[in-house]
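Below is one structure, written out as structure tokens; comments come after it.
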Amino acid sequence: MKIRILSDLHFTPGINGPIYNESWEPSELFRFAEDFKKPVDVNLIAGDISESIESDENFLNEFFPNQQVIFIDGNHCIYHSVDGFFKPILSDIKRKYKEKFPKEHLFWTYLENDWVWLEYPNIAVIGSTFYTNYKYCDLTLDELNGIAEAYDAWYKYY
């Protein structure tokens, strides 16, 4: 089985992506377009494809239209504003990714605290994105989750 592993592609305008309202061809990733077309059994992308679900889908359509891709989100999806005003809520983003790229999708699979089985040679691919505020504390997991939910609600209306 051939597995291609990629990470931190940053298919984002100003980093590695297309210029807004233009083709993806001027992007830095264009240099690898031919390499991406070389067949492998599965592509694993370990986060930061782009800045949003829509951009991730555009990237997959352009570079991996008929290839199996298993991926996780990255920290850049949280930086993207929604409707030009509200900042995204992490739990909402993860829910939307799961709806857009379910495990049953023909080619592309998003993993968040989940896994898929590659039948040959019997490999489990486990996917999760970890976020931290880099603060140490003595909270239980339930207390920490309660604070995170309250923070998400506050941040949404900030």
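What follows is calculated from the coordinates using simple rules that are stated; it is not laboratory data. The structure displayed is predicted, hence computed values, not measured ones. Heads up, the Cβs are rebuilt from the backbone with ideal geometry, glycines too, and the neighbour counts pull from every protein chain shown.
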Starting from the Cα-Cα distance between SER128 and TYR151, subtract it from 0.36 nm times their residue separation and give me the gain in nm to one decimal.
6.2 nm
Which length gain, in nm to one decimal place, applies between ALA33 and GLU54 when the Cα-Cα distance is subtracted from 0.36 nm times their residue separation?
5.6 nm
Using each residue's phi in the range 49-58, evaluate 6.51 cos²θ - 1.76 cosθ + 1.60 at θ = phi - 60° and report the 3J(HN,Hα) Karplus result to the nearest Hz, with x for Gly and Pro.
5, 7, 10, 7, 4, 4, 5, 4, 5, 4
Once the other residues with Cβ under 14 Å from the Cβ of ARG4 are scored (Lys, Arg +1; Asp, Glu -1), what is the net sum?
0
Highest average packing first - 97-106, 66-75, 52-61, Cβ atoms within 10 Å
66-75, 52-61, 97-106
